Amino acid sequence: MAFMVKSMVGGQLKNLTGGLGGEEKSEGEKSPAEAQGMTREEYEEYQRQLVEEKMERDAQFAQRKAERATVRSHFRDKYRLPKNETDDNQIQLVGGDVELPKELAKMIEQDNEEEEEKNSVIGQLSNIQNLDLDSLKDKASATLEDLKQSAEKCAVM
């Protein structure tokens, strides 16, 4: 109802004065703050908060990208693959010092432990199929006892 009265009286009043009395903005020409139903200061604060939130999200995203790049570079070093410059650049963008998330660090630690076990002599022997370590240990101890007994019987020793 108020809209109808305003449009009827406002239009008639504008015609009567010839449009000389200050520029009145129509509803389509409102500022962004007025369109949002805020004052100018509230709108500026709102925009500032949006920019800060976006910067925080971008920083978190860059951090995650650097963490992933660190993991990729770790595996490239481990498997002796060529380095990737984009990974190095992503790590440097964050500041160069990237800490891995606890879960990823734990995975890498377990991977390193498994690798060390595989590289050991016992680990290599366990990789051989059809090999029973218990019987091998028994044979080795029996052979060692035989050598001790023969050494005791030897007159030269």
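What follows draws every value from the coordinates through simple rules; no lab data is involved. From a predicted model like this one, the values you see are computed outputs, not experimental measurements. Don't worry about glycine lacking a Cβ; one is built from the backbone with ideal geometry, like all the others, and counts go over all protein chains shown.
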Q) Can you tell me which residues in region 59-104 are exposed (fewer than 15 other Cβ atoms within 10 Å of the Cβ) and aliphatic (A, V, I, L, M)? A) Ala59, Ala62, Leu81, Leu93
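Out of curiosity, is Val71 more than 30 Å from Leu136 (Cα to Cα) and not in a helix (DSSP H, G or I)?
On the way: more than 30 Å from Leu136 (Cα to Cα): yes; not in a helix (DSSP H, G or I): no.
The answer is no for Val71.
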**Q.** Enumeration of residues in region 35-90 that are among the small types (Gly, Ala, Ser) and more than 29 Å from Leu104 (Cα to Cα)
**A.** Ala35, Gly37
